Amino acid sequence: MQARENRFGISETRLHTINKSSVLHQTWHTTLSSSSSIYEALDFATILKASQTLSSEIQLEKLLAALMCVVMENAGAKKAVLLLLKDGNLAIEAVASFHRDVISISVPLSASDEVPAAVVNYVKRTWKTVVLDNAAVQSDFIADPYLMQEKPKSVLCAPILNQGKLIGLLYLENNLTIGAFTEDRTEVIQLLCAQAAISLENARLYQQSQAYAQELERSLLDLQQAQLQIVQSEKMSALGNLVTGIAHEINNPVGFISGNIEEATTTIKDLISHLKLYQEKLPNPGEEIEENAEDIDLEYALEDLPKMLLSMKVGCDRIRGISTSLRTFSRADKDYKVPFNIHEGIDSTILILKHRLKANEHHPAIEVVTDYGNLPPIECFPGQLNQVFMNLLANAIDALEESNQGRSLEAIKANPHCITVRTSLSGDRHIKVQIADNGAGMTEAVKQRIFDHLFTTKAVGKGTGLGLAIARQIVVETHGGTINVNSTLGGGSEFEIVLPVNG
């Protein structure tokens, strides 16, 4: 009688196919029997241990390694290959053999020579387990290039199904023994495949949840960064517009006054010279003129008036310098980095905060000591760095004011407050800026969170928790530098900024 061929053109007398549902039924039925063929091939405790090993793994890489080890230990195979379905196509995910460890890969079936493609594709189409007792001489798949070259003795390829869907295949071979995959072993393998299907799906869901969690974390971080950038942009824009407007309004009258002082100085000098000439030519001006000269203290006025004009000129120059510093602080950044003198930025920031450094009824004046090194201009965004200096100096003043609470004015004067700003070169291509105060310092717990988004030690309504987070973003992310804090409780705090010279 001629062998009947199925619709795929493969003789059904030449290969061994087992329906999954009947295998599961036979497995549990024979497991309960003392004469079970499965029990004879592999004891129940071993099967249970193998299933527990697979069910206990949730991470995909570890699960693949465990699955391959379990199969190699219990199936009588010398080589095992796991294929998983991805977007409708099979890919080889793990390979294990008797003489090498499990290798995790992800290679499309079409690009691999690890398995016989004809056998694998048949199982993919039919969802049936294929067992070849002597693959080297059987004719159904004999034309497969892999079987022709490798000539394995026994071959088994089983589908891995989950909830009525094919999720992968398990390929086994034994190149030493004919008929290595008996019916009993095939049932055990399919039982392991059933457990593997559940574990693989759980691992996939776990991996998917981890990916979602990472995506959510990235989205949250992006949202925080966007919030910081918006706050930073709005603060600098508002402050820049305000300061620029003030500087412009100051410049107009100062320029007018300064120009008139110069003209008045010249005129006064001419009048004084003319008056002295009168005194020389008319030595006897008369009693009335002499009395008037004495009443107005003419000699003192002639000597002091030029000094008054010079003092007014110095004052105008000082106001013009303040205006220049305000413009330096509030200068708008371009979309690229420009050379900038760091010392100008620090000086302009100190000038803006000078009103907070003055003495009042609660504390004496806060001294600011600058110790500047010989720094080159650095390529940066000046407006953003000025904001960093503003945040750090303002925080230093806040820390000193908070440390005054509960202390008398005499006690504060005995240990006067001071802020020290030092700059220096750090290597050949970096500069260092250190801003230190002699306030109360901070605890280790505060130090660990000082740059965190929305973290603040200030009272409600006095701090947003964004200042130092923005400062860190500007220094680290925008300028590629570092910012750190060194502080001990009761010993003050020091913020250290390191920036590259060439951006």
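Summary of computed values
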| read-out | value |
| --- | --- |
| Rounded accessible area of Tyr372 (nearest 10 Å², 1.4 Å probe) | 70 Å² |
| Length added when fully stretched, Leu357-Arg422, from 0.36 nm per residue minus Cα-Cα | 21.6 nm |
| Computed accessible area, Leu147, all protein chains, 1.4 angstrom probe, square angstrom | 10 Å² |
| Heavy-atom accessible area ranking, 1.4 Å probe, most first, across Asp295, Asp371 | Asp295, Asp371 |
| Order by protection proxy (mean Cβ within 10 Å, highest first), peptides 477-490, 338-351 | 338-351, 477-490 |
| Sites Glu201 and Ile178, calculated FRET efficiency, Cβ-Cβ separation with R0 25 Å, nearest 0.05 | 0.10 |
| In nm, spacing of pseudo-spin labels at Lys86 and Glu287 (7 Å Cα→C-beta vector) | 12.0 nm |
| Fully extended contour minus Cα-Cα distance, from Lys165 to Leu375, at 0.36 nm per residue | 68.7 nm |
| Heavy-atom accessible area ranking, 1.4 Å probe, most first, across Leu221, Leu310 | Leu310, Leu221 |
| Sequence-distant residues sharing a close amide H with Leu90 (under 5 Å, placed H) | Leu109 |
| Rough spin-label spacing in nm, given labels placed 7 Å along Cα→Cβ, for Glu262 and Lys413 | 4.5 nm |
| Heavy atoms of Phe98 accessible to a 1.4 Å probe, total area in Å² rounded to 10 | 150 Å² |
| In order through segment 390-399: 3J(HN,Hα) via Karplus (6.51 cos²θ - 1.76 cosθ + 1.60), integer Hz, x for Gly, Pro | 4, 4, 5, 5, 5, 5, 5, 5, 4, 4 |
| At R0 = 25 Å, FRET efficiency that the Cβ-Cβ distance of Tyr336 and Val476 yields, to 0.05 | 0.85 |
| Sequence of Asp144, Asp87 from largest to smallest accessible area, 1.4 Å probe | Asp87, Asp144 |
| Added length on full extension, which subtracts the Cα-Cα distance from 0.36 nm per residue, Glu444 to Leu221 | 77.8 nm |
| Accessible solvent surface per residue of segment 100-157, calculated while the other protein chains remain in place, 1.4 angstrom probe, Å² | 49 Å² |
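The values are calculated or read from the model by the stated rules, or taken from the named source; none is laboratory data. These figures come from a predicted structure and were not determined experimentally. Positions of Cβ are backbone-derived with ideal geometry, glycine not excepted, and every protein chain shown enters the neighbour counts. Calculation scope for accessible area: heavy atoms of the full protein, side chains included, ligands and nucleic acids excluded. Shrake-Rupley method; radii C 1.70, N 1.55, O 1.52, S 1.80 Å.
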